[in-house]
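Step one of this worksheet: look at the structure below.
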Amino acid sequence: MTDENVRELIDDNCIAVDETTTVGETIDLVRDFASDTETTIYYVYVLGSDDELLGVVSMRELLNEADSSTVSEIVDSNIVSAHDSDSPKDAAAKLVQHGFAALPVLDADGTFLGIVRSDDVIEALSEQETKNILRGSDSYMPFGD
């Protein structure tokens, strides 16, 4: 593995909306986005006034809510994220632990920078590190003792 950090793996090819955006507007954004890319969208990231991440909304939640509702009404504020200075190993451990395909990435001030995708993290790791993380090896303790 190189001495990379998550900052070097950030992908801004995702959807982030202001907390006042309606569900209908968000679904339209997803449709437009999907027509321009092959990237699958599972989550929409909800931002506050200073681009701080307030939470996430799943596509399922969006499709089950009235178009006139705002995303702030259905946002899940229980956020699992990576910091831009985290190592790919730390990000991989979070991805595996929570079963996510991607994590939002924040800077030290909590500003949303984009996402890190599991395939990009795995590519940044050595084969042995990937195996250890996927197995839950005792030889890797991402959060200390």
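The values are calculated or read from the model by the stated rules, or taken from the named source; none is laboratory data. This is a predicted model, so every value here is computed, not measured. Positions of Cβ are backbone-derived with ideal geometry, glycine not excepted, and every protein chain shown enters the neighbour counts.
Computed values, structure above
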| quantity | calculated |
| --- | --- |
| Residue list for segment 84-119, restricted to those being hydrophobic (A, V, I, L, M, F, W, C) and touching a Cys at 6+ places or on another chain (Cβ under 9 Å) | Ala102, Ile115 |
| Single unsatisfied condition, Cys14 versus (1) in contact (Cβ under 8 Å) with a residue 40 or more places away in the chain; (2) surrounded by fewer than 16 Cβ atoms within 10 Å (Cβ to Cβ) | (2) |
| Qualifying residue in segment 27-37 (condition: over 14 Å from Ile115 (Cβ atoms), of a type in the set (S, T, N, Q), at pLDDT 95 or above and in a helix (DSSP H, G or I)) | no |
| Looking only at segment 102-143, and only at residues there that are hydrophobic (A, V, I, L, M, F, W, C) and modelled with pLDDT under 85, the one that is nearest to the chain's Cα centre (by Cα) | Ile122 |
| Hits in segment 47-72 - residues which are more than 14 Å from Asp28 (Cβ to Cβ), without any contact (Cβ under 8 Å) to a residue 40 or more places away in the chain and out of contact with any Ser or Thr (no Cβ under 8 Å at 6 or more places or on another chain) | Gly48, Ser49, Ser58, Arg60, Glu61, Asn64 |
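Okay, residues lined up against (1) surrounded by 19 or more Cβ atoms within 10 Å (Cβ to Cβ); (2) closer than 29 Å to Val121 by Cα; (3) polar (S, T, N, Q); (4) under 11 Å from the mean Cα position of the chain (by Cα):
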site	(1), (2), (3), (4)
Thr22	no, no, yes, no
Ser49	no, no, yes, no
Ser58	no, yes, yes, no
Leu62	yes, yes, no, no
Glu65	yes, no, no, no
Ser68	no, no, yes, no
Ala82	yes, yes, no, yes
